[in-house]
Amino acid sequence: MSRVRRSGGRWPLRSTAAFVVLGLGSYAVISFGFLGAYSHDLRFAFTTRIALMLFVVPALVALGRPVQLARTSLADAPRAILEAFFASRLMRIVGSAIFSPLFALAAFSVFLTPLAFFLRENAVSEGLITLLVPLVGLLMILPVFDQTKQHTSIFITAEFMLAFVELILDAIPAIVIRITPHVLDHGHAVASLLPAWFPSQLRDQQLSGDLLWFIAEVADIPVLIFLFVRWTRSDRSEAKQLDDLSDEEMERLTREHLDRR
């Protein structure tokens, strides 16, 4: 931000506040608050922390427009590296609309297996989760908020429909966790070591499913709203471009379209 100001530009204070207070602030609260402290012992704290770091924290960080700030402040060579990264095959895969629902489904399906207990109890995996989950979430959400690329209304419509698919897929593991009448991660051995105020093993799992379902569904709503707004703007822009065409240009465009068919 200071580099932008030194170059004579301006950067909105609200974007900086969103990045620091909402983005980094939410990450700190989730990582060092109740969820982080009891993630080792409580299933619902563990699953809730992962869901929030995958969906909520990246969306709040993206409100601070970090990519736009980097494009504005970086010199030519670093900016070229940044643009090459966003144009890379990795980002085309991770940033695609189909990757997010599939990744969320795969990640949440882990909670249905004993692997979830290992990840929760292992200090190394806990540290990796704290770092990698928000990073993956950020890579998935940044292309959605990227305002530099012009997408057609058809492309945005496809994203919009895939976001609805994600709304359904995200709920499947959470529903299974909620309705299963036995403990899925086989973590019964530590039950006698937990404080008395902790919920029972099965109730802990049920709370995990409830909160995971709620967060996954609610987190998709802002994305759907954003995509709808972007679709209306794109549709309005395309309609204006067609209105600005002369009769001869419109006739030639129609003929070219019919010839391709």
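Side notes on the structure shown:
- When residues in the stretch 29-45 are screened for being open to solvent by less than 40 Å² (accessible area, probe 1.4 Å) and either of a type in the set (A, V, I, L, M) or at pLDDT 95 or above (or both), 4 of them pass.
- Evaluating HIS186 against the criteria (1) modelled with pLDDT under 75; (2) within 30 Å of LEU54 (Cα to Cα); (3) surrounded by fewer than 19 Cβ atoms within 10 Å (Cβ to Cβ) leaves one unmet condition, (1).
- Scan of the stretch 49-75 for residues that are open to solvent by less than 10 Å² (accessible area, probe 1.4 Å) and of a type outside the set (A, V, I, L, M, F, W, C), ordered by number: ARG49, PRO58, GLY64
- Residue in the stretch 66-87 that is touching a residue at least 24 places away in the same chain (Cβ under 8 Å) and closer than 20 Å to LEU212 by Cα present: no
- Of all the residues in the stretch 88-108, those that are closer than 25 Å to SER208 by Cβ and surrounded by fewer than 16 Cβ atoms within 10 Å (Cβ to Cβ) number 2.
The values are calculated or read from the model by the stated rules, or taken from the named source; none is laboratory data. Note that the structure is a prediction, hence the values are computed from the model and not measured. Quick reminder, even Gly has a Cβ in these numbers, built from the backbone with ideal geometry, and neighbours come from all protein chains shown. To get the accessible areas, we keep the full protein, side chains included, count just its heavy atoms, and leave off ligands, DNA and RNA. Shrake-Rupley method; radii C 1.70, N 1.55, O 1.52, S 1.80 Å.
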